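The values are calculated or read from the model by the stated rules, or taken from the named source; none is laboratory data. None of the values given here were measured: they were computed from a predicted structure. Every residue, glycine as well, gets a Cβ built from its backbone with ideal geometry; the counts of neighbours run over all protein chains shown.
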Amino acid sequence: MHMPLEDTLGLNLLAANQHQALHNREHFDAWRLLCLNVMSSPGAGKTSLLERSLAALAPEFSMAVLEGDMTTQLDAERLEAVGVPVVPITTGRACHLDAAMVSGGLRLLRQQLDPASLDLLWVENVGNLVCPAEFEVGEHRKVALLSVTEGEDKPLKYPVMFREADCVLITKVDLLPYLPVQVERIEAHIQQVNPRCAVFQVSASSGVGLEAWHGWLRASHAAQCPAPEVSTAESLSIHSILVSA
Amino acid sequence: MHEVDMTKCLLLSMNQWKQQHAPVIPTVQQVHLQVGTFTCVEPDQLVFTWGVAVQGSWLAGAQLVIESLPLVGRCLQCNGSYAPSSAAAYRSPCCDQPMEEIISGRELRIRSVDYTLATTTPSPAMLPVQPHASAAEPAQLLPHPASPTTSLAAAPAA
């Protein structure tokens, strides 16, 4: 006679993905870089924003992009034109990046460069307001974009994404004069589901608000990757080599 | 349809759990999940995907039982709990505060597994025992591409 048994597991349903995400995160921490997971619906302006932010921040940060796209490499080509290393990750029919895909992207990235030389690693997720919210890739911060053309109610209709975000960028604000949309209502709706996240109004076209967003990035990088004493010693030794030469 | 990827993760965890009993392969009757309503999971789709994924594997016939946990928030003004709703913009009805703290509703948990272990005594007919040839195979997400009809035909009747 079989005795029915019950094992209490208490595991996360996505434990396998989380295990890989944690592994990615350990690499990021060892490389002393800040990893950002950038998410939005299709067409909210992730790639346009990255074009502007990569160009603006290139003088102060060493950066690379893991570019998630379902079928094409069009976005990757746009970002490569900015002069930043880009690894395209085509997901096929998958509607989000998962930790294993990002791990594969990291392997390709390491063929191009030493990730320890990076300050910021951008992961541009597949355009989708649902799935990416549940699949961590090892990121330190989640950034969600919402364009003003998508309507005021989206934070309430897709609350998990906006709840999970550390920073929400309201994009395309240069279009506000032409739309029956009140940006204050979008901000209020974000605040209902996530009172603690940072919210910025930006436009990649006009450049409005980018400086405030970049300020948040600088602060996040400083908090995640405080300047180590080791690097001071290294720079000193390099300095002494230069002096002695 | 990210429930497919979620099922893949679940199967990886189940395969790991199976190893604890090696070389005996447990016969799993039910896998119990707790899924909060404030997640991106559609329980019906998860059950459907699970049913397809376990066909022909050591988990064939195992039922996925999902307990849905409601979204419960805590109002930081009065410390009272409430049921946030999109109609009320997730604000607390007591003090009209935004959804600051979530007590429940974000769960994605494999709670427990009901199973039996084959013993030396012959098993009664009431408990289906998986053939060892298929039981030794790790659970695949989809039936083998070369023989989908065979896999479907071999699927046990519910």
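Here are a few things to note about the model shown:
- Every condition in (1) surrounded by 14 or more Cβ atoms within 10 Å (Cβ to Cβ); (2) within 14 Å of chain B (Cβ to nearest Cβ); (3) closer than 20 Å to B:Leu11 by Cβ is met by A:Thr8 except one, and the failing one is (1).
- The sole residue among B:Leu71, B:Leu64 that is surrounded by 17 or more Cβ atoms within 10 Å (Cβ to Cβ), more than 10 Å from chain A (Cβ to nearest Cβ), touching a Phe, Trp or Tyr at 6+ places or on another chain (Cβ under 7 Å) and under 30 Å from B:Gln30 (Cα atoms) is B:Leu64.
- Only listed residue being within 30 Å of B:Ser92 (Cβ to Cβ), part of a helix (DSSP H, G or I), among the β-branched types (Val, Ile, Thr) and more than 10 Å from chain B (Cβ to nearest Cβ), chosen from A:Ile170, A:Ile186, A:Ile190: A:Ile186
- Yes/no for B:Asp44 being crowded, with 22+ Cβ neighbours inside 10 Å, charged (D, E, K, R) and assigned to a helix (DSSP H, G or I): no
- Residues that are in contact (Cβ under 8 Å) with a residue 24 or more places away in the chain and in a strand (DSSP E or B), drawn from the range A:59-112: A:Met63, A:Ala64, A:Val65, A:Leu66, A:Glu67, A:Gly68, A:Asp69, A:Val87
- Out of B:Gln77, B:Gln55, one residue alone is more than 9 Å from chain A (Cβ to nearest Cβ) and surrounded by 15 or more Cβ atoms within 10 Å (Cβ to Cβ). It is B:Gln55.
- Lone qualifier among A:Asp174, A:Asp166, A:Asp153 - being farther than 28 Å from B:Leu76 by Cα and among the acidic types (Asp, Glu): A:Asp174
- Count of the range B:54-112 residues which are in contact (Cβ under 8 Å) with a residue 24 or more places away in the chain, in contact with a strand residue (DSSP E or B) (Cβ under 8 Å, 6 or more places away or on another chain) and either hydroxyl-bearing (Ser, Thr, Tyr) or not assigned by TED's automatic domain parsing to the domain that holds B:Val31 (or both): 3
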